[in-house]
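To start, the structure under review is shown below, and the notes come after it.
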Amino acid sequence: MPQGQLSPVVRYLRKISARQPDERTDEQLLESFCGDRDEKAFAELLGRHAGMVLAVCRRVLHNVHDAEDAFQATFLVFARRAAVIRKRACLASWLHGVAYRIAMKAKVQAARRHVRQLPLQDTAMVQTTPDFLWQDLRPVLDEEIDCLPKKYRQPFVLCYLEGKTNEEAARLLGCARGTIFSRLAWARRRLSKRLTRRGIVLSLTALDLFLTRQATTAGVPAPLMQATIKAALLANAGKFAVSGLASEQAVSLAKGVMRTMLLTRLKTFGALLMAVILVGVGAGLLGSRFAAAEGAASRATVVLVQPAPPRNALDDKVQKAINRAVEYLKHSQKNGNWEKTRASGLVSGGTSALALLGLLESGVKVDDPVIKEGLDYLRDIESGQTYVVSLQTLVFSHARRPEDKERIQRNVDWLLAARCRDANGPLRGWTYTKSDSRITDNSNTQFAVMALDAGQRAGATVLKRDWEEIRDLYLRTQQTDGGWVYNPALQGQSTFTMTSAGVCGLLISRNQLKERNEKTDKAIAHGLEFLGNKFRSPSQIHPYYRLHDLGRVGRLSKTRKLDSKSAGKSYDWYELETEWLLDHQQEDGSWGDDRGLEFSGTISTSFALLFLTSGKKTK
């Protein structure tokens, strides 16, 4: 971008103080910048948050130049990463976190250089706060703010670091004013306790007064503002050659932080794909690799070594297995959650939601202490991942607690907003997050559809046209063999798990639309025929996730039979798979598969419970 093109932006910056402020929200401005390259929108955002960002850098660093370098680096990162910020209404909190991390990185580098010139004096704080208290509080304040849970940190940054009123914060975050008030109170108490542990004792009143004085929207030198906006816009255009605008140190800090962000994102995404946390995504993504295995499975003949036991005897065994698994999950809960597994950190809250769903489906009452603690934990989870939001919605919808009614609708609205489609084109489904819309998959889509179904049955609003879009998606993407693949855009053959997801999607949409048309009925029958031809027990590929999908198909279709034309027989899938599960339950009541991708006892056991209980709801 030639520098001559930046002059309107500079003129705009100079006029900010002389005109009425832009009434658009941060989210609207960010949308305008990302979608239309609106440079004035970016300048407005920088003007709004510059004071808070520079204050963070000054509190962490002890040198004027270092603080200004960290300030510029923060907005260079913002310009380059704006398009992938998921919760755009919470931009202030995002910027605070980036500014703090960059400032800490700059602090380490400065210590190595032993820089001591131009000591930084925060005049406002020296005047209003005792020197001894400020010296103790300054190095740790932003660290403790950054440690607050996201739902509390967001209003805290808006109100205490940017001077927003409770009403303004409520509007920006889309919640009630009372919610903001209660979250701020919780955050103050938490912060006070954390500071006390560090030996900094402040009453809540004193802390509130001190925090109120932190809010700043001014104090950024005009030359620094102008240089930063120019450098950031050049960075957004892919040009880091910003000599004379941003220092080499600022550019180096920005590149380092962006490299760390990218590596973290790739590690998380790779782990999700490879670990198949919660839903065995790898079964679909690696469909082409396992196609030969499934083909061989479809040709295999199921031979029962001994006759199936009488129904009442099998039912007794199943109930005992369920009871043992329920006790295992109950005893595995720690502090209201099940996150201490290899899945923790990848899909935070998802493992706990899956465990709660398994317990509730198994008949554990909502007033059971384990369920109550789990629900309290789950209510504090604000996720941006389709799997977690979907499972959370399934749990709240099953529990039917009055206090969760609003949350169910909010989750349903999030899922509807997270749909992926081409510009002015048909629905393509769902993927991991709202902002990650390039490649959708039938695994994420399945869980989103199940959550929408459960949410509507719990009283949430889903429109008829939404269900028509879902029905049409599955009709449009069904393969000629009757099955579905992980993603139609990827090469590969239809798989058992993804076909189960497709059949479930058609059954759910048909039930919601209360229609029985020939096209949908034929597609469902064709999908069930594919499952019958591919059926094999026990499964060798992702058995527990596969069982969950198969159980959902059986429950929705209300049948325990799968007909295989290729084998010329009919399978009672529930009896065959249940016998396999009973043989593989471990002494502690859990299930697990250390050979492959389903390595968590919590996840495997939850999937097994969902399968076993589904059989009770089929004929």
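The values are calculated or read from the model by the stated rules, or taken from the named source; none is laboratory data. Keep in mind that what you see is a predicted model, and the values were worked out from it rather than measured. Methodologically, a virtual Cβ is constructed for each residue, glycine included, from the backbone with ideal geometry; neighbour enumeration extends over all protein chains shown. Each accessible area value is taken on the protein alone, full model and side chains, heavy atoms only, with ligands, DNA and RNA left out. Shrake-Rupley method; radii C 1.70, N 1.55, O 1.52, S 1.80 Å.
Calculate, in nm to one decimal, what Ala176 and Leu224 gain on full extension: separation in residues at 0.36 nm each, minus their alpha carbon distance. Each step should come with its number before you reach the end.
Details: separation 48, 0.36 × 48 = 17.28 nm, distance 3.69 nm.
Result: 13.6 nm gained on full extension.
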The answer for GluC sites (Glu not before Pro) in region 373-420 that fall in a DSSP coil and have at most 15 neighbouring Cβ atoms within 10 Å is none
Hits in region 397-437: amide N under 15 Å from the 7 Å Cα→Cβ extension of Ala489, namely 419-437
Lys405 and Arg379 label points (each 7 Å along its Cα→Cβ direction) are spaced in nm at 1.5 nm
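What ranking, highest mean first, results for peptides 97-105, 508-516, 25-33, 65-73 when packing means the other Cβ atoms within 10 Å averaged over each residue?
On the way: 97-105: 22.1, 508-516: 15.9, 25-33: 18.7, 65-73: 26.6.
Top of the packing list down: 65-73, 97-105, 25-33, 508-516.
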Over region 465-608, with neighbouring protein chains present, the accessible area per residue in Å² at probe 1.4 Å is 40 Å²
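Ignoring ligands, DNA and RNA, what percent of the 1.4 Å accessible area of region 544-614 is carbon and sulfur? Intermediate results must be reported in sequence, preceding the final value.
Working: 1120 of 2480 Å².
After summing per-atom areas, the C and S share lands at 45 percent.
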Links exceeding 32 Å between C-alpha atoms in this model, out of Lys40/Lys255; Lys365/Lys565; Lys405/Lys519; Lys330/Lys534, come to Lys365/Lys565; Lys405/Lys519; Lys330/Lys534
